[in-house]
1. Out of every Cα pair in the chain, what percent are spaced more than 28 Å from each other?
2. Enumerate the calculated ³J(HN,Hα) couplings along the stretch 48-57 in order (Karplus 6.51 cos²θ - 1.76 cosθ + 1.60, θ = phi - 60°), each rounded to whole Hz, writing x wherever the residue is Gly or Pro.
3. Give me, ordered by chain and number, the residues 5 or more places off Leu55 or on other chains with an amide H under 5 Å from its own placed amide H.
4. Angle check, please: helix 93-103 long axis (alpha carbons) against the longest principal axis of the chain (alpha carbons), in degrees 0 to 90, nearest 10.
5. Return the sequence-ordered ³J(HN,Hα) values of the stretch 72-89 in whole Hz as given by the Karplus equation 6.51 cos²θ - 1.76 cosθ + 1.60 applied to θ = phi - 60°, using x for Gly and Pro.
6. How do the peptides 63-69, 116-122, 14-20, 100-106 rank, highest first, by the average count of neighbouring beta carbon atoms within 10 Å per residue?
7. I'd like the antiparallel share, as a percent to the nearest 5, of DSSP beta bridges with both residues in the chain.
8. Which cross-chain or sequence-distant (5 or more) residues have an amide H under 5 Å from the amide H of Thr116, H modelled 1.01 Å from N in plane?
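Read-outs: derived from the displayed coordinates by stated rules, not from any lab. As the structure is a computational prediction, the values presented were derived from the model and not from experiment. Methodologically, a virtual Cβ is constructed for each residue, glycine included, from the backbone with ideal geometry; neighbour enumeration extends over all protein chains shown.
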Amino acid sequence: MSILGPELEGATVLDLFAGSGALGLEALSRGARVATFVENSRKVAELLRANIEALDAGSAADLVIDDAFKFITSLQPRAFDIALADPPYSRGLAARLLQRFREVPFAQILSIEHGTDEPLDLSPPDQDRRYGDTAIAIVPAAHSDEENRR
């Protein structure tokens, strides 16, 4: 999250594959204005709702129970400042999410956590930071716009 640093201040954040909400909740704690959490599982969403309430983040949080890919297909370009995603590893979901972002950059910046055994098609100015078996790809929308013009 520190990679995004000052970008978080006052940002609208989308947390896809939200799970416990750790990414979006941390973004809120680092100054994001609002966070929308998208989680497919109702059972997990209830735990996420409890986490939001426990951290008194309810006024800045919107919880959506939906499939992440279904949710993003309805988004306009740059609907959010920052999109954070931690999809299940080794299912091709990170690559699929990146492809959708290349088609319609639904945020100014997309950050995707993925397994190092699941490389993504990245090129500068994209970044891919590795931490053990985990990598975090940071993809700016401007780069996606350039690829779409080719």
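1. On the way: 1415 of 11175 pairs.
Taking all Cα-Cα pairs of the chain, the fraction more than 28 Å apart is 13 percent.
2. Listing the rounded values in order: 4, 4, 5, 5, 4, 5, 4, 9, 6, 9 Hz.
3. none
4. That works out to roughly 70 degrees.
5. In residue order, the calculated couplings are 6, 5, 8, 7, 7, x, 6, 5, 10, 6, 9, 10, 10, 9, 9, x, x, 6 Hz.
6. Working: 63-69: 16.7, 116-122: 13.4, 14-20: 25.3, 100-106: 18.9.
Per-residue Cβ counts within 10 Å, averaged per peptide and sorted highest first, yield 14-20, 100-106, 63-69, 116-122.
7. Working: 12 of 31 bridges.
So the antiparallel bridges amount to about 40 percent of the total.
8. Distant-sequence amide H within range of Thr116: Thr134, Ala135.
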